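Data block below; observations after.
The values are calculated or read from the model by the stated rules, or taken from the named source; none is laboratory data. Given the structure is predicted, the values throughout are model-derived calculations rather than measurements. With ideal geometry, Cβ positions are generated from the backbone for all residues, glycine too; neighbour counts draw on all protein chains shown.
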Amino acid sequence: MMQSSHPMQQSSGNAASFPPTLPRIQVSQSDTANLNTLLHQYLLRAQEGRLYPEIIPVVEMECALDMGCGAGEWIFDMAKNHPKLRIYGVDVDEMPLHRATQRRNAKGLCQIQLRHIDITQPLPVPDSFFDFVHMRRCTRSIAPTQWPGVIAECIRVLKPEGWLVMAELELCQISSPAMMAIQSVMTQARAKYGNSMHIRGEMTGMAPRLYGMLLQAQMDNVAYDLHTVDLGFMGGHTARLFLTEIIRYAWRMRPMVVEQQMMSSEGFDELIKQASSELLAPDLCGWGVLITAYGKRGNT
Amino acid sequence: MENLHSGAMVSVLEQAQHHHVMHCLEGLLPPIIDVYKLKQVLDVNCHGGAWAVELALAYPGVMVTGLDSDPEAIEIARHKAMTAKLQRVRFYEANLTVPLKLQDETFDLVHLFTSQPLFHPNEWPHFLHECKRVLKPTGVINLVNVTLGPGSSHAYQRFCVLIDQLWRAMGYGFSDKPGTATPGVYFVRMLNEAGFNKSSYDIRPINLGGWNNPGGKACYQLFLKNLLKTREPLIQYKLISGDEFDALIAQTEKDILEADFCAMVALISAFAVKR
């Protein structure tokens, strides 16, 4: 992914450990191990501790699927709350999936099954198999044009009256101008690669469209919940970690931004540097929104 | 939506928006404020007085002073207070960018609600110092800002960007970067810089779409009504042509009626104490 060499990158010695200048938000060893857990808890806190919308009768369910399960944070929490529920997790990314498998084996949780699967492809699962399909933060691995197909697959593997839940995050505003500029450049870059619902690339815009897509797919009881995500100082350490993760992601997009001639590499580096220091402000304030759209498969 | 332009309709929408917003905030005041100790309240940028009148009705011991730069809004507010037979609410027209004609250490609470930038970044410090001056030593300040969030309508999102560009072109931006023209996320910083203490904030979503959401729809219609006012300045700053604007407005009005309409704004409520 990263082709160009960069002085700051060399000084840190390891491209993977890059954030160029995040002096005091350096992610510590224990943080790296717990990053997924922390981010999961952070989003869960925004969702008022609910792993799924209240309307969904999980107690009566037998079998659930988590699409894009990552390191399985949601799955392990579900397993804890619902010991009889069989839960399948699939992800295209092998590293976190491997961690999830280790954790599953260490805990001896037979109710959990994990598979390495590209969720943008047809699922190797028979029709009407699951009571519940869950997805969270998958916009990075699914292109906008792929969404209707992915949703159709989810519905196919759902039993009649089974529930589909999709939660996506949209970053909105933060009191760091450089961070706002990075967001704007990134969405424009994604738009140029056709990875944005929004023609001008002003926003990725996936989150507010999920509701419409579930309606389009003719699901029943379609609705959505809104939860704001605190990105400011009151969001605590995890909010900073979360923002750091976004900056790392932006950094990985750097070759794309430069290639598209949206910004010079120096200009982009300067922005990242500026954002990294602005995010340390003790009075940082900002927010994003988690939109959870859900619906029930009809009886037919 | 022709009737959007009539004053009565606007008043109805403002009332609906007020109720929806208060529902989302779970009350008229942030929980840190002890309402039973409130005696004198200043409502800056009070518009048609919806908040001021409701506060006075809810708490019989409270005196409310409302200020707004728009004489028409003051008329509506006075009428509202008269209809409610309230003696404890006064409304005055006032220029908020010059020293307020109010005595030092008068109020227990200064409240401000705005969906517009209201002040240029260099005017905020002066305004906040004025708020501090008129607050009693134990007084509390509460600033509430509505900021636009994502939506499923392209036209709506396009307007979000256009408004940001317009406000920055008019000098309301907190930087030259996109998305920095709404003051809400800068409240805490500005309160700290003005010497307030114990500053904190609370951010809540307001749903504008979905089904069975008349309050959200009213908020959205009010947003559209305010959008119409940006037509001339947007053209003047060459951000859009008149025809393009009209087409975009028509599209936005159409999109809200669609079953799959999903959009939200957020309320950023910042509070701090003087001492």
Contact list, first residue from region B:57-77 and farther than 23 Å from residue B:127 by Cα, second anywhere and in a loop (DSSP other than H, G, I, E, B), beta-carbon distance below 6 Å, six or more apart or interchain, is B:62/B:38; B:76/B:48
Report, ordered by the first and then the second residue, all pairs with beta carbons closer than 8 Å, sequence separation of six or more or different chains, a first member in region A:235-246 that is over 12 Å from residue A:179 (Cβ atoms) and free of Cβ contacts under 8 Å to residues at least 40 places away in the same chain, and a second member that is outside any helix (DSSP H, G or I) and of a type in the set (Asp, Glu). none
Scan region B:139-149 and give yes if some residue there is out of contact with any Ser or Thr (no Cβ under 9 Å at 6 or more places or on another chain), within 13 Å of chain A (Cβ to nearest Cβ), modelled with pLDDT under 95 and surrounded by 21 or more Cβ atoms within 10 Å (Cβ to Cβ), otherwise no. no
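Condition check ((1) in contact with a helix residue (DSSP H, G or I) (Cβ under 8 Å, 6 or more places away or on another chain); (2) aromatic (Phe, Trp, Tyr); (3) free of Cβ contacts under 8 Å to residues at least 40 places away in the same chain) across all residues:
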position: B:171; (1), (2), (3): no, no, no
position: B:177; (1), (2), (3): yes, no, yes
position: B:185; (1), (2), (3): no, no, no
position: B:207; (1), (2), (3): yes, no, no
position: B:218; (1), (2), (3): yes, no, no
position: B:225; (1), (2), (3): yes, no, no
position: B:231; (1), (2), (3): yes, no, yes
position: B:242; (1), (2), (3): yes, no, yes
Search result, residues across region B:160-194 that are assigned to a helix (DSSP H, G or I), more than 10 Å from every other protein chain (Cβ to nearest Cβ) and under 17 Å from the mean Cα position of the chain (by Cα): B:163, B:167
Looking for something surrounded by fewer than 22 Cβ atoms within 10 Å (Cβ to Cβ), among the aliphatic types (A, V, I, L, M) and at the interface with chain B (Cβ under 10 Å from one of its Cβ atoms) - is there at least one such residue anywhere in region A:237-260? no
Which members of region B:83-114 meet the condition of being basic (Lys, Arg) and surrounded by 12 or more Cβ atoms within 10 Å (Cβ to Cβ)? B:88, B:90
Looking at (1) farther than 22 Å from residue B:39 by Cα; (2) out of contact with any Lys or Arg (no Cβ under 8 Å at 6 or more places or on another chain), find the lone condition where residue B:158 falls short. (2)
List the residue pairs whose Cβ atoms are under 7 Å apart, where the first residue sits in region A:260-275 and is more than 26 Å from residue A:240 (Cβ to Cβ), the second is among the basic types (Lys, Arg) and surrounded by 14 or more Cβ atoms within 10 Å (Cβ to Cβ), and the two are 6 or more positions apart or on different chains. A:260/A:192
Filter region B:198-219 down to the residues that are of a type in the set (D, E, K, R) and in a strand (DSSP E or B), then identify the one that is surrounded by the fewest Cβ atoms within 10 Å (Cβ to Cβ). B:198
What number of residues in region B:123-158 are without any contact (Cβ under 8 Å) to a residue 40 or more places away in the chain and either in contact with a Gly (Cβ under 9 Å, 6 or more places away or on another chain) or among the small types (Gly, Ala, Ser) (or both)? 1
Within region B:248-275, residues within 11 Å of another protein chain (Cβ to nearest Cβ) and of a type in the set (Asp, Glu) come out as B:255, B:258, B:260
Among the residues that make up region A:78-91, is at least one of them under 15 Å from residue A:167 (Cα atoms) and at pLDDT 95 or above? no
